1. Please specify each residue of segment 400-423 satisfying the condition of being more than 8 Å from the ligand (Cβ to nearest atom), within 17 Å of residue 135 (Cβ to Cβ) and touching a residue at least 60 places away in the same chain (Cβ under 8 Å).
2. Might you let me know whether segment 235-242 holds any residue that is farther than 24 Å from residue 81 by Cα, of a type outside the set (Asp, Glu), away from the ligand (no atom under 15 Å from the Cβ) and buried (at least 24 other Cβ atoms within 10 Å of the Cβ)?
3. Give all pairs with beta carbons closer than 9 Å in which a residue from segment 165-181 that is within 19 Å of residue 130 (Cα to Cα) meets a residue that is part of a loop (DSSP other than H, G, I, E, B) and among the hydroxyl-bearing types (Ser, Thr, Tyr); count only pairs at least 6 apart in sequence or on separate chains.
4. Does any residue in segment 197-224 that is within 14 Å of the ligand (Cβ to nearest atom) come within less than 6 Å, Cβ to Cβ, of a residue that is of a type in the set (Asp, Glu) six or more places away or on a different chain, and which pairs are these?
5. Considering only segment 345-390, state which residues are within 16 Å of the ligand (Cβ to nearest atom), buried (at least 16 other Cβ atoms within 10 Å of the Cβ) and of a type outside the set (A, V, I, L, M, F, W, C).
6. When you look at residue 121, is it closer than 24 Å to residue 402 by Cβ and of a type in the set (Asp, Glu), yes or no?
7. Just the residues that are of a type in the set (Ser, Thr, Tyr), part of a strand (DSSP E or B) and open to solvent by 10 Å² or more (accessible area, probe 1.4 Å), please, taken from segment 254-312.
8. Contact list please: Cβ distance under 7 Å, first residue in segment 378-394 and in the same structural domain as residue 234 (by TED's automatic domain parsing), second residue among the aromatic types (Phe, Trp, Tyr) and surrounded by fewer than 20 Cβ atoms within 10 Å (Cβ to Cβ), pairs at least six apart or on different chains.
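The values are calculated or read from the model by the stated rules, or taken from the named source; none is laboratory data. Since the model is a prediction, treat every value here as computed from it, not as a measurement. Cβ placement follows ideal geometry from the backbone for every residue including glycine, while neighbour counts extend to all protein chains displayed. Surface accessibility is based on the protein's heavy atoms, side chains included, excluding ligands, DNA and RNA. Shrake-Rupley method; radii C 1.70, N 1.55, O 1.52, S 1.80 Å.
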Amino acid sequence: MAGKQDSYEVIIIGGGLSGLAAAVYLGRGKKRVLLIEQSHSLGGRASTKQQDGFALNLGPHALYRSGPGIDILSEIGLEIRGNVPNTAGGFVVNNGVKHTLPAGFVSLLSTSLFGVSAKVETAKLLASLAKIDSSTINSLTVREWVDARLSNKPVRDLLLALFRLTSYANAPELMSAGAAVEQLQKALAKNVVYLDLGWQTLVDGLRDAAIKEGVEIRTAVKAESVEIGSTGEVTGVRLADNRLLTASAILMASSPGVAAALVKNTAVEEYARYAAPIEAACLDLALSRLPDPRASFALGIDQPYYFSVHSAAARLAPDGRALIHIAKYLAPDDAGSAQGVEHELESFADLIQPGWRKEIVIRRFLPRMVVSNAVPMANRGGLQGRPKPVVSEIPGLYLAGDWVGDEGQLADASLASAKKAAEAILSAPLRSSESRVGAASGSPQFQ
Ligand SMILES: Cc1cc2nc3c(=O)[nH]c(=O)nc-3n(C[C@H](O)[C@H](O)[C@H](O)COP(=O)(O)OP(=O)(O)OC[C@H]3O[C@@H](n4cnc5c(N)ncnc54)[C@H](O)[C@@H]3O)c2cc1C
């Protein structure tokens, strides 16, 4: 039987960025809130490992300066410390050869990546990108749009590489062109910021803010199911140890798969069946020194590789040392062996920073990370096709995460959906069951 101490107005399942941000807003709205996280520590995919003076995010993490997330974090009161990476002097790599990254007009003129006609087409593309109304191409795939718009193959390949860089998705046949263009426009408008001491600073800042607002946080507590009352509304959360916690609102701030397993027979279950995650293999390297201090950024053109010295922009390594993130953007059908991919990433590092192997302090290979839970798909109309933060079929049930809502991608989507879900909970009319929260333990369902 659930005791009074196990009754809340809102229970949040998941202690990543989305669950924590929602917790702050709900705490500020004077709700009695419990956040549960199955791991021993908070942060989910935004966690940072601190070791030997290095701060290792889980793969490359960059916060978009023109996305909704940074505004939400500021509104909550977090100070964003870090710097914009400098890609001037960066490389693109095609067929194993390094060329100047044609990120602007000067580098475009000097790059050996392609000839005159491709340069002219790239110049036109760069000049027009900011003006494209991305909402008109939501239902086209990236491949359809790129093929129809660009005649030079090298320019098409460059644009696909820039889409991978900004959205992490290597799924041109699935991804909405509107979503890809919108994300690239954000990067071109204001770039990104690498955070001093890693993304854990966001996690810790959100946790502190939530606790200050009176939110109760319990780690190493796993939700097993969301309990639904006889009239179809949420009534509580059953934990893995079979205990029951009651609440009149439940926010699932986890993945589509977990959400679908927690509550059966909803549209979320259907969504979880077709959602394709965006995945990456990551090689994180902490080095005693950078063999070539000038080579801080590289992007694969014919191969979906990423290389960036994050410590060149942010405080992530002790003085004189370096922290590098290398990644392969995995295609949905990528069946390559983990060992093979690791070797590919090492070879890419050899090309950009020969001699790195002699400088290793920490080396971590993450073969398959879920960067985002769902590619915004063209056949679902892009971001518009993602589930809404309010689950309309079940009163009291809400969602947040990087696969929820029609705003932003990656962490931006997590934070934007978290804020929307919290606002919806705060403005929801009191349900008759709500007045019983705290006394719900008398209900037979909670025995
Ligand atoms: C390699 C990599 C690179 C990335 N780069 C960027 C980037 O450059 N820019 C950017 O904006 N974003 C980036 N991201 C994405 C960003 O990290 C995520 O979008 C964001 O951290 C997701 O937060 P979340 O709270 O929505 O989900 P998560 O972080 O996944 O949190 C969900 C939490 O729910 C918990 N949970 C699940 N099931 C249960 C249960 N049954 N009971 C209790 N708890 C449960 C999990 O343990 C987890 O802690 C990257 C991610 C990766 C992996």
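1. Hits for segment 400-423 are 407, 408, 416.
2. Quick first cut of segment 235-242, residues farther than 24 Å from residue 81 by Cα only: 235-242.
With of a type outside the set (Asp, Glu) added as a condition, the list becomes 235-240, 242.
Retained after the next criterion (residues that are away from the ligand (no atom under 15 Å from the Cβ)): 235.
If we keep only those that are buried (at least 24 other Cβ atoms within 10 Å of the Cβ) as well, we get 235.
Yes - at least one qualifying residue is present in segment 235-242.
3. From residues that are within 19 Å of residue 130 (Cα to Cα), the pairs are 176/139; 177/139; 178/139.
4. If the second residue must be of a type in the set (Asp, Glu), the pairs left are 219/37.
5. Answer for segment 345-390, where residues must be within 16 Å of the ligand (Cβ to nearest atom), buried (at least 16 other Cβ atoms within 10 Å of the Cβ) and of a type outside the set (A, V, I, L, M, F, W, C): 367, 372, 373, 376, 386, 387, 388, 389.
6. Details: closer than 24 Å to residue 402 by Cβ: no; of a type in the set (Asp, Glu): yes.
For residue 121, the condition - closer than 24 Å to residue 402 by Cβ and of a type in the set (Asp, Glu) - is not met.
7. So the first thing to find is which residues in segment 254-312 are of a type in the set (Ser, Thr, Tyr), and the list is 254-255, 266, 271, 274, 288, 296, 305-306, 308, 311.
Now restrict to residues that are part of a strand (DSSP E or B): 305-306, 308.
Of everything in segment 254-312, those that are of a type in the set (Ser, Thr, Tyr), part of a strand (DSSP E or B) and open to solvent by 10 Å² or more (accessible area, probe 1.4 Å) turn out to be 305, 306.
8. Cβ pairs passing all conditions: none.
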